[in-house]
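I have placed the structure first, in the form of structure tokens, so that the comments after it can refer back to it.
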Ligand SMILES: O=C(O)CCC(=O)C(=O)O
């Protein structure tokens, strides 16, 4: 039931594609209620293919194992610090309806604060349990604070768990470079769970199926998980994952590591 519901939502957006304002209005209200919305055909197959090749080249030549994440076989399954190693990620999102969506949900001062890359395939397979995305990348995570928690370093970059007030003003764009089918480890989300403290048994589970070029917008507080891809399938499931925040300033003297505004 989750799958057909996700497809119906995507079809509704497609019908409205002639009117960008109403596409964004519908998506913004869906995100407020359910925590996510899927935008079909934002990028072309040619753009997705070019980015997949360019990222693969960067990661293949990246000597840092904490940035270019690999299996012991050498297969790449993802990357941290995408904004540093693939600067195109700092600008590729600057198009409609994405900018209008972010302005609507985050306000006019929003900026891009972190980029990741995921590549799931039988050679680089993985699954993740239900979770929320709570950490942000900052310049210095050693400053005294009662608001930020659990300082860590990921690929050399200081991170902290952010307070709810900041996470509620964030939005993630997942740009699909490949089709996502029920068999290649789709993301599953619990609709509406971004509004609660914990997932509940009555939450509606939705499987996010997509075409290459589609963009999923989701709140980081939305509970999500994903299963492994089927072993007999040879499709990649590559995703550029970009996180945006509504406000350039952070409390307690903390600073975002990146805050990329639109040109
Ligand atoms: O792409 C996936 O399968 C899961 C990624 C994820 O859980 C995350 O972004 O936190």
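Quick note: the coordinates plus some simple rules give every number you see, no bench work behind them. For clarity, every value in this text was computed on a predicted model and none was experimentally measured. Virtual Cβ from ideal backbone geometry, glycine too; neighbours counted across all protein chains shown.
Distance between the C-alpha centres of region 38-52 and region 195-263: 17 Å, rounded to the whole angstrom. One decimal place: the segment residue 204-residue 147 gains 17.4 nm when fully extended, by the rule 0.36 nm per residue minus the C-alpha distance.
If I build a Gaussian network model for the chain, linking alpha-carbon pairs within less than 10 angstrom, which residue out of 103, 73, 207 has the largest mean-square fluctuation? Evaluated over the chain, the most mobile residue of the options is 73. Apply 1/(1 + (r/R0)^6) to the Cβ-Cβ distance of residue 196 and residue 71, taking R0 = 35 Å, and write down the FRET efficiency to the nearest 0.05. For residue 196 and residue 71, the calculated efficiency is 0.50.
For the chain, modelled as a Gaussian network with Cα springs under 10 Å, which listed residue fluctuates most, 221, 147, 69? Its mean-square fluctuation being the largest, the pick is 147. Checking the a/c ratio against 1.5 first, then a/b against b/c, what shape does the Cα gyration tensor give for region 34-181? Oblate, because a/c is 1.5 or more while a/b does not exceed b/c. Ordered by the number of other Cβ atoms lying within 10 Å of each residue's own Cβ, fewest first, 172, 91, 146 fall into the sequence 146, 91, 172.
Between 236, 72, 176, the GNM of the chain built on Cα springs shorter than 10 angstrom shows 72 fluctuating the most.
Shape class for region 2-253: rounded, because the ratio a/c of the largest to smallest gyration tensor axis (alpha-carbon atoms, square roots of eigenvalues) is under 1.5. Between residue 99 and residue 53, the C-beta separation translates, for a Förster distance of 25 Å, into a calculated FRET efficiency of about 0.45.
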